[in-house]
Amino acid sequence: MSVESIDRASFEQFYAGLAPWDVGKPQRAFVAVADRITGPVLDAGCGTGEHALYLASLGHRVTGVDFVPEAIRRAQAKAAERGLDVEFLVKDATALGGWGECFASVIDCGLFHVFSDADRRRYVQGLARVLAPGGRLFLMCMSDEEPGTEGPRRVSRQELHDAFANGWEIESIQPARCEIHPEFTEVKFSDGGPKMWFAVVRRKA
């Protein structure tokens, strides 16, 4: 994998086999802030749905979107198995601007860092359309403190500040770790999981 934006075919290939981020449970950083997340919730780049399903189990109305049909199929199957009512849609997260939906919270676990600069701008512009004024984005992305260049594109604190400079307030950026499937050995990350940033960003009223 290069550090540049990963294309649809690459993600389809991951979901045809072992997706390293698909660990069968929500990442700890999102569990830790669950009491701050209010519904309705959008899970942008939801993958197979673990975060969306976790938040639905807490009583939130949740919509998950991903551009890989196989990921959405698996998410829908999990929802049915667990008896949880979550709307999962095949949707491009860089095209949220024309959607017409409105959410109180958005979560992003590992989506922001896969975008090219141009797609990143489109994504943030779309988020501004679908997140209610005063609503919060909870975002976990690969940190530039993670050594090496393999795997996802690294993101600096400054890039986060730059991306959300207009119409947003960054409330916090904290270091975090991402749990990776133990059978994934193609890329060697830091012990304890790759180093991430966990940002809480508020949409200004």
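Listed by first and then second residue, the pairs with beta-carbon distance under 7 Å, at least 6 apart or on different chains, first residue in region 150-172 and more than 21 Å from Val106 (Cα to Cα), second aromatic (Phe, Trp, Tyr), are Gly151/Phe189.
So, in region 173-188, how many residues would count as being outside any loop (DSSP other than H, G, I, E, B) and not hydrophobic (A, V, I, L, M, F, W, C)? Outline the logic, then answer.
At the first step, the residues of region 173-188 found to be outside any loop (DSSP other than H, G, I, E, B) are 173-177.
Add one more test, that the residue is not hydrophobic (A, V, I, L, M, F, W, C), and what stays is 174-175, 177.
Residues in region 173-188 being outside any loop (DSSP other than H, G, I, E, B) and not hydrophobic (A, V, I, L, M, F, W, C): 3 in total.
Taken over region 71-91, the criterion of being farther than 18 Å from Ser105 by Cα and surrounded by fewer than 17 Cβ atoms within 10 Å (Cβ to Cβ) is satisfied by Arg73, Ala77, Ala80, Glu81, Arg82, Gly83, Leu84, Val90. Looking across Phe164, Phe112, one residue alone is out of contact with any Ser or Thr (no Cβ under 8 Å at 6 or more places or on another chain), of a type in the set (Phe, Trp, Tyr), closer than 17 Å to Asp66 by Cβ and surrounded by 20 or more Cβ atoms within 10 Å (Cβ to Cβ). It is Phe112.
Yes/no per residue for (1) assigned to a loop (DSSP other than H, G, I, E, B); (2) modelled with pLDDT of 95 or more; (3) farther than 23 Å from Asp22 by Cβ; (4) in contact with a Leu (Cβ under 7 Å, 6 or more places away or on another chain):
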residue: Met140; (1), (2), (3), (4): no, yes, no, no
residue: Gly151; (1), (2), (3), (4): yes, no, no, no
residue: Leu160; (1), (2), (3), (4): no, yes, yes, no
residue: Glu171; (1), (2), (3), (4): no, yes, yes, no
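The residue pairs whose first member lies in region 64-88 and is over 14 Å from Tyr54 (Cα atoms), whose second member is buried (at least 17 other Cβ atoms within 10 Å of the Cβ) and aromatic (Phe, Trp, Tyr), and whose beta carbons are closer than 7 Å, counting only pairs six or more residues apart or on different chains, are Val68/Phe11; Val68/Tyr15; Glu70/Tyr15; Ala71/Tyr15; Ile72/Phe88.
The values are calculated or read from the model by the stated rules, or taken from the named source; none is laboratory data. Computed from a prediction, not measured in an experiment: that's the story for all the values here. Reconstructed Cβ throughout: ideal geometry from the backbone, glycine too, with neighbour counts over all protein chains shown.
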